[in-house]
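**Student:** Shown below is the structure under consideration.
The values are calculated or read from the model by the stated rules, or taken from the named source; none is laboratory data. This is a predicted model, so every value here is computed, not measured. With ideal geometry, Cβ positions are generated from the backbone for all residues, glycine too; neighbour counts draw on all protein chains shown. Note: accessible area is taken over every heavy atom of the protein model, side chains too, but ligands, DNA and RNA are not part of it. Shrake-Rupley method; radii C 1.70, N 1.55, O 1.52, S 1.80 Å.
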Amino acid sequence: MQTNFIPKKDTACWTIQTEQDQNGFESLQIRIYPLNPDQFTTVSEPYQNWRELFQNDPHSDLEQHPDHILSISSLLQKNQSAVIGHLILCRQGNKPVAAGILLPKSISTKILRGLGPARQLHGYFLSGKRFLIAKDYQYDHGFQNFLLEATLSFCGQTAGRYLLLEDILIDEPLNQSLIQLSSHCLTYSHTGFQSRCLIQFPEIPQDYWNQFRSKSRRKHRKLIRDNSHLKLVRITRPDQVADFLDAAHQISKNTWQTQRLGLRVKNSAKEIEELLFFAINDSLRSYLLMDQDQPVAFKIGIQHRGIYHDREFGFDLDYASISPGETLLLLILEDLITYDTPRTFDFGIGDAEYKQRYSSEITQSRSILLFPSSLRNKSLLSYLKASSWIDQLSRKVLKRTGLYTALRHLVRYRKLGSR
C-alpha cells in the first residue's frame, strides 16, 4: 500500500490518502497532529479520541497517556529543534481505532556501535513501544502493517530520519509486522534479539524463593545480613520525587552505566515531570539503598496493571566491594513479595547474568530502527553494519582469549570477577 501525507493548513495537521484499496482499508482515515498542548484541550476531539483509546486498550502504557505526553512534549522540544512530536490518530468513520505517539529522539552513532567520531541522528521513537489499538483490531496483523507503513511514510516526509521501536518482544504482533515490512524499508538493530528476563510471581508470592537451591538461599540471607547497615527506602509519593531524583543523580555520576553510556539520571525537568505523573497516578515504585544519610544505589521502577517495570538502576562504584546492586535487588524482591505484589517483574531491555539468575521466565526482545529507503540512508546503514561486524568480531576474539568477562567487570565495577 502506498501512502501520501498532505499537510492541511486549516487544521494544522497532516492527513493520509490511500492510493490503493486491495487491503480493504478505504474507510480508515489517518490524521497526524503536532503535539501542541494549546491545541489539545480536554474537550477537543483528538484529545477525547486519544484518551478513549488509552482507557480501552488493555495493554496501554502510562507513557502513552495524553496528559503525560502533553506535559513532557514541550520539554523534549527544547532539546530537539529539528523534529517535533506528533499524534497519529486513525479513525473508522467517527470511531477512533488506533493511535501512535511519535516523540523526537536523538541517538548517537556510538550507541549504534558506529566506529569513529560520534554523530547525532535525529528521528522519532514510538512512545509506549506500541500503538494504542481498539479491541477489534488488537490482533489484526494487516492493520498493524497499515499503521506501521503509514507512520514510516510520514517520517520520510518530515525532518525525522528514522523511526525507533524500542524493546519489542519477539511474540508481539508488532514484531510480526516488522518482519513483513522489512522488504519495504531499511532496518537496523543495534541490539539484535537479546534475552528478556521476567519474574512471574506464583499465586503464593513467598513460593518464588523455592526456585532457588538451599545453598543459594543461604547466600542471599548472608549478603543481606552482612549489609544490614544498608536500609531500603520505597519511593511512591509525589513529595518524595525531588529528593529521590537528587539522590539518584548523585549516585549516577559514579556508576558504570554513566562511564560507558553517559549520565543516566540527570535530575532534569523531564525526569521530574515523568516521576511526578507516575506518582500521582499511583504507579511510581522506586527505591533507594541508604548507608545512613549516604545514598548508595537506586532503582527507578513503575508498577502498572500488574507489571513492575524496571526502568533504570545504578550503584556507587565506591561501594562495589559489598555488592550493593544485588543487595538492593534482594531487598526489592522481598518488598514486592510482602506488599502489593505485581503479577510480573520485567527486568527490561538488556541482558545480564544477575537477571537470568533471578528470573523465572526468559523470552527475547530487540530495538530496531526503520529508515525510509534513500541513498543517504543506505550509505548510513552500510557504515553501521560494517562497524557492528567489527565490534562483534572483536568481542569474539576477546571471549576466546578469556579476557572479555574480566575486562567487562573491570570497566563496570573496577574489579575483576563478579559482583
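**Student:** Just to confirm the number: angle between the C-alpha axis of helix 214-226 and the first principal axis of the chain, 0 to 90 degrees, nearest 10?
**Tutor:** 80 degrees
**Student:** Could you tell me the extents of the chain's C-alpha atoms along the three principal axes, largest first, rounded to whole Å?
**Tutor:** Extents along the principal axes: 67, 49, 39 Å.
**Student:** Something else: To the nearest 10 square angstrom, what accessible area does ILE362 show with a 1.4 Å probe?
**Tutor:** Roughly 90 Å² of ILE362 is accessible to a 1.4 Å probe.
**Student:** If you average 1/r across every pair of different Cα atoms in the range 201-343 and take the reciprocal, what Kirkwood value do you get, in Å? Kindly include the intermediate steps, with their values, before the conclusion.
**Tutor:** Details: mean 1/r = 0.0631 Å⁻¹.
Mean inverse Cα-Cα distance, inverted, gives 15.8 Å.
**Student:** May I pose another question? Just in the range 148-237: which GluC sites (Glu not before Pro) are loop by DSSP and have at most 15 other Cβ atoms within 10 Å?
**Tutor:** On the way: sites: GLU149, GLU166, GLU203; in loops: GLU203.
Passing both the DSSP loop test and the Cβ count: GLU203.
**Student:** Taking 0.36 nm per intervening residue step and subtracting the Cα-Cα distance, what contour gain separates ASP246 from ASP340 on full extension? Mind showing how you got there, number by number?
**Tutor:** Numbers: separation 94, 0.36 × 94 = 33.84 nm, distance 2.63 nm.
Gain on extension, ASP246 to ASP340, equals 31.2 nm.
**Student:** If you take the C-alpha gyration tensor of the range 171-267, multiply each eigenvalue by 5 and take the square root, what semi-axes do you get, largest first, in whole Å?
**Tutor:** Semi-axis lengths for the range 171-267 are 35, 26, 16 Å.
**Student:** Which residue fluctuates the most in the chain, going by a Gaussian network model with Cα springs under 10 Å, if the choices are GLY262, GLY301, GLY114?
**Tutor:** Result for the chain, Cα springs under 10 Å: GLY262 fluctuates most.
**Student:** Give me the extension gain from LYS215 to SER106: residue separation times 0.36 nm, minus the current Cα-Cα distance, reported in nm with one decimal.
**Tutor:** Numbers: separation 109, 0.36 × 109 = 39.24 nm, distance 4.63 nm.
Length gained between LYS215 and SER106: 34.6 nm.
**Student:** Let me ask you something else. Cross-link candidates for LYS266: which aspartates and glutamates have Cα within less than 20 Å, leaving aside residues fewer than 8 places away along the same chain?
**Tutor:** By straight Cα distance, LYS266 reaches GLU63, ASP239, ASP243, ASP246, GLU274, ASP310, GLU312, ASP316, ASP318.
**Student:** Continuing with this model, one more query. How much FRET efficiency would the formula 1/(1 + (r/R0)^6) give for GLN292 and SER27, where r is the Cβ-Cβ distance and R0 is 45 Å, rounded to 0.05? Each step should come with its number before you reach the end.
**Tutor:** On the way: r = 65 Å, r/R0 = 1.43.
Given R0 = 45 Å and the Cβ-Cβ separation, E is 0.10.
**Student:** Would you mind checking the range 347-366 for residues with the amide N under 13 Å from a putative spin-label position 7 Å along Cα→C-beta of SER182?
**Tutor:** Only 366 pass the distance filter.
**Student:** Which three semi-axes in whole Å describe the equivalent ellipsoid of the range 241-313, each the square root of 5 times a Cα gyration tensor eigenvalue, listed largest first?
**Tutor:** Values: eigenvalues 82, 36, 31 Å².
For the range 241-313, the ellipsoid semi-axes come out as 20, 13, 12 Å.
**Student:** Would you mind computing the Rg to Rh ratio of the range 328-406 from its alpha-carbon coordinates, Kirkwood style for Rh?
**Tutor:** On the way: Rg = 19.3 Å, Rh = 16.8 Å.
My calculation of the ratio gives 1.15.
**Student:** Still on this structure, please answer the following. Quick one: if you stick a label point 7 Å off each Cα along the C-beta vector at ASP136 and ASN281, how many nm between them?
**Tutor:** 2.7 nm
**Student:** Could you list, in their original order, any pairs among LYS129/LYS270; LYS222/LYS399; LYS105/LYS129 whose Cα atoms are separated by more than 22 Å?
**Tutor:** On the way: LYS129/LYS270 19 Å; LYS222/LYS399 32 Å; LYS105/LYS129 13 Å.
From LYS129/LYS270; LYS222/LYS399; LYS105/LYS129, over 22 Å: LYS222/LYS399.
**Student:** Tell me the label-point distance for the pair TYR354, GLN48, using the 7 Å Cα-to-Cβ offset, in nm and rounded to one decimal.
**Tutor:** Roughly 5.0 nm, to one decimal.
**Student:** Sticking with this structure for a sec: Select from the range 108-175 those trypsin sites (Lys or Arg not before Pro) which occupy a DSSP coil region and have at most 13 other Cβ atoms within 10 Å, ordered by residue number. Intermediate results must be reported in sequence, preceding the final value.
**Tutor:** On the way: sites: LYS110, ARG113, ARG119, LYS129, ARG130, LYS135, ARG161; in loops: LYS110, ARG113, ARG119, ARG130, ARG161.
Of the trypsin sites (Lys or Arg not before Pro), the ones in loops of the range 108-175 whose Cβ has at most 13 other Cβ atoms within 10 Å are ARG119.
**Student:** Helix 141-156 versus the longest principal axis of the chain: what is the Cα-based angle in degrees, 0 to 90, to the nearest 10?
**Tutor:** Relative to the chain, helix 141-156 is tipped by roughly 80 degrees.
**Student:** Over the Cα atoms of the range 35-170, Rg to Rh with Kirkwood Rh, two decimal places?
**Tutor:** On the way: Rg = 15.4 Å, Rh = 15.7 Å.
Rounded to two decimals, Rg/Rh equals 0.98.
**Student:** Pick from LYS231, LYS385, LYS396: which residue has the top mean-square fluctuation in a GNM of the chain where Cα pairs under 10 Å get a spring?
**Tutor:** With Cα springs under 10 Å in the chain, the top fluctuation among LYS231, LYS385, LYS396 is at LYS396.
**Student:** Say we join alpha carbon atoms closer than 10 Å with springs in a Gaussian network model of the chain; which of ASP171, ASP136, ASP351 then has the biggest fluctuation?
**Tutor:** It is ASP136.
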